[in-house]
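Enquirer: Right, I'll just put the structure down here and ask away after.
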Amino acid sequence: MTRTPAYAAQAADKPLGPHAIERRAPGAHDVAIDILYCGVCHSDLHTARNEWKNTMYPCVPGHEIVGRVTAVGKDVKGFKVGDTVGVGCMVDSCGHCASCKDGEENYCENGFTATYNGPVFGGENTYGGYSANIVVNEKFVLHISHKDNLAAVAPLLCAGITTWSPLRHWHAGPGKKVGIVGLGGLGHMGVKLARAMGAHVVLFTTSPNKIADGKRLGADEVVISKDPEQMKQHAGSFDFILNTVAAPHDLDAFLNLLKRDGTLCLVGAPATPHPSPQVFSLIFKRRALAGSLIGGIRETQEMLDFCAEHGIVSDIEMIAMRDINDAYERMLKSDVKYRFVIDMQTLKDEAKAA
Ligand code: NAP
Ligand code: ZN
């Protein structure tokens, strides 16, 4: 076991602060990773504050991890010491259910083990990337082939794959009109990826001060979603809309923008439910309301390789570990361009000084 510096929430109403955790010694199939950077996902905040009512404390969030391999178990085939690697939202799954066999471990029927807060159906706690190092089974470790700007690669491990997977599943590409709702961590990756896939991309934002950024990031058009006149101009015209909003809101406004057989896919996971959409918004054009959860390991590697090839990374604001509580407050105000990433050297330095 290795004693490892980390930052944890000890209760829903407490700020995160320094906390030591134990990491296991690498087993035969494990990879030990020195964490360089960890992105800050809105799910970290939902979990640290027990907004989904399933948090185990102490809670060490963080599932957008980039680091360097420091040791490998004797049976590890795919990684060697010194490799640059990533870890996303999962560190294990049952490996034998239909979803795992299909390479969709994110839909493991027995519940994958989340990188933090443990197995999704309950079980022993796990501690995430707000820490100096982590030990993960090689099946859940990703190869990073980006050569530089590694801090900006970290958010691909959750924000990237969570938008990539549904965009692929619903065939975003040339000739398709695709909407992205919300320009936050997920949304800005959705805009970049949908654009790179060749779709016509429309960003929906509640923040008029994000119009220029939306276009710079790759949106062909930007719509202020609170303006009914602007929304009306796009009625019945979308093939697919990906909704990343982290708060409950009216879904009919977006369903009514879909063409016949179009899909509105939710990836945002607010603490309280959206008002139920109207049946009429669905039946008139055989529209579908769907959801999507992160992505499997194989498609996460595909996404990382695609991003390396196309020079795609996240737009980030680097923070020190001790600034995490301020970062959460700013995220709640949609005041981040467009993902906070923690420089983990700041945690290591802080632990050394203590
Ligand atoms: P984020 O950076 O905070 O972005 C959310 C964006 O939603 C904001 O930037 C804002 O964009 C918009 N928004 C916020 N409050 C709103 C409101 N009241 N009404 C309308 N729009 C609002 O969060 P994130 O990290 O991208 O995560 C977004 C959500 O996805 C979270 O709930 C998170 O837990 C969830 N998530 C789900 C998965 C999955 O697998 N399904 C994976 C990761 C995260 P504008 O300023 O442009 O309006
Ligand atoms: Zn996330």
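Enquirer: Over 20 Å apart: what share of the alpha carbon pairs of the stretch 216-326 falls there, rounded to a whole percent?
Expert: 58 percent
Enquirer: May I pose another question? Specify the angular offset, from 0 to 90 degrees and rounded to the nearest 10, of the alpha carbon long axis of helix 159-169 from the longest principal axis of the alpha carbons in the chain.
Expert: 50 degrees
Enquirer: On a 1.4 Å probe surface of the protein chains, which of Y107, Y7 comes out largest in accessible area, and what is the full order? Can you show the working numbers first?
Expert: Values: Y107 90, Y7 15 Å².
Output order, biggest surface exposure first: Y107, Y7.
Enquirer: Next question, about the same structure. Please compute the volume of the convex hull spanned by the alpha-carbon atoms of the stretch 55-164 and report it per residue in Å³. Present the calculation step by step, with values, prior to reporting the outcome.
Expert: On the way: hull volume 13.2 nm³, N = 110.
It comes to 120 Å³ per residue, whole-number rounded.
Enquirer: Using the structure shown, select from K53/K176; K53/K232; K192/K226; K14/K348; K74/K147; K147/K210 the pairs with a Cα to Cα distance greater than 32 angstrom.
Expert: Numbers: K53/K176 38 Å; K53/K232 37 Å; K192/K226 23 Å; K14/K348 22 Å; K74/K147 27 Å; K147/K210 29 Å.
Where the Cα-Cα span goes over 32 Å, the pairs concerned are K53/K176; K53/K232.
Enquirer: About the Cα centre of the stretch 160-291, how large is the charge dipole given +1 on each Lys and Arg Cβ and -1 on each Asp and Glu Cβ? Please answer in debye to the nearest 20. Intermediate values should be presented prior to the final figure.
Expert: Values: 15 positive and 9 negative charges, 67 e Å.
Taking the Cα centre of the stretch 160-291 as origin, the dipole is about 320 debye.
Enquirer: Over 10 Å intervals from 0, what percent of Cα-Cα pairs in the chain sits in each interval?
Expert: 6, 26, 34, 24, 9, 2, 0
Enquirer: Pick from E64, E329, E317: which is most flexible by mean-square fluctuation in a GNM of the chain where alpha carbon atoms under 10 Å apart are linked?
Expert: Of the options given, E329 has the highest mean-square fluctuation.
Enquirer: Would you mind checking the tilt of helix 185-196 against the longest principal axis of the Cα atoms of the chain, expressed as 0 to 90 degrees and rounded to 10?
Expert: The helix 185-196 is inclined about 70 degrees to the chain.
Enquirer: Still on this model: Just to confirm the number: angle between the C-alpha axis of helix 297-310 and the first principal axis of the chain, 0 to 90 degrees, nearest 10?
Expert: It works out to around 80 degrees.
Enquirer: Right, another one. PRE reach from A351 (point 7 Å along Cα→Cβ): which of the stretch 1-23 fall under 20 Å by backbone N?
Expert: Residues 1-11, 16-23 qualify, since their backbone N sits under 20 Å from the label point.
Enquirer: If Rh is defined by the Kirkwood formula over all Cα pairs and Rg also comes from Cα, what ratio Rg/Rh do you get for the stretch 263-319? Could the numbers behind the result be given before it?
Expert: Details: Rg = 17.0 Å, Rh = 15.0 Å.
Rounded to two decimals, Rg/Rh equals 1.13.
Enquirer: Give me the percent of accessible area attributable to carbon and sulfur for the chain, probe 1.4 angstrom.
Expert: Values: 7910 of 15020 Å².
Percent of accessible area from carbon and sulfur atoms in the chain: 53.
Enquirer: For the chain, set up a Gaussian network in which alpha carbons nearer than 10 Å are linked by springs, and say which option among R286, R23, R195 fluctuates the most.
Expert: Most flexible of the set in this elastic network: R286.
Enquirer: So for the stretch 160-291, Kirkwood radius off the Cα pairs, Stokes-Einstein at 4 °C and 1.567 mPa s: how many µm² s⁻¹?
Expert: Approximately 91 µm²/s, per Stokes-Einstein.
Enquirer: Using the charge dipole of the stretch 45-121 (Lys, Arg: +1 at Cβ; Asp, Glu: -1 at Cβ; taken about the Cα centre), state which of T55, G88, V72 has its Cα farthest towards the positive end.
Expert: Farthest towards the positive end: V72.
Enquirer: A follow-up question, please. Compare E105, E124, E22 in a GNM of the chain, Cα atoms joined below 10 Å, and give the one with the largest fluctuation.
Expert: Looking only at E105, E124, E22, the largest GNM fluctuation is found for E124.
Enquirer: Now for a separate question. For the chain, what does the accessible surface come to per residue with a 1.4 Å probe? Please give it in Å². Each step should come with its number before you reach the end.
Expert: Details: 15020 Å² over 354 residues.
Using a 1.4 Å probe on heavy atoms only, each residue of the chain averages 42 Å².
Enquirer: Could I ask something else about it? Would you give the gap between the C-alpha center of the stretch 246-295 and the C-alpha center of the stretch 1-54, rounded to a whole Å?
Expert: Taking the Cα centre of the stretch 1-54 as reference, the centre of the stretch 246-295 is 32 Å away.
Enquirer: Also, quick follow-up: Please report how far the C-alpha centroid of the stretch 165-194 lies from that of the stretch 298-344, rounded to the nearest whole angstrom.
Expert: 17 Å
The values are calculated or read from the model by the stated rules, or taken from the named source; none is laboratory data. On a predicted model such as this, the values are computed, not experimentally measured, just so you know. Because the Cβ atoms are built from the backbone with ideal geometry, glycine has one as well, and the counts that use them run over all protein chains shown. The protein model used for the area step is the full one, side chains on, heavy atoms only, and it has no ligands, DNA or RNA in it. Shrake-Rupley method; radii C 1.70, N 1.55, O 1.52, S 1.80 Å.
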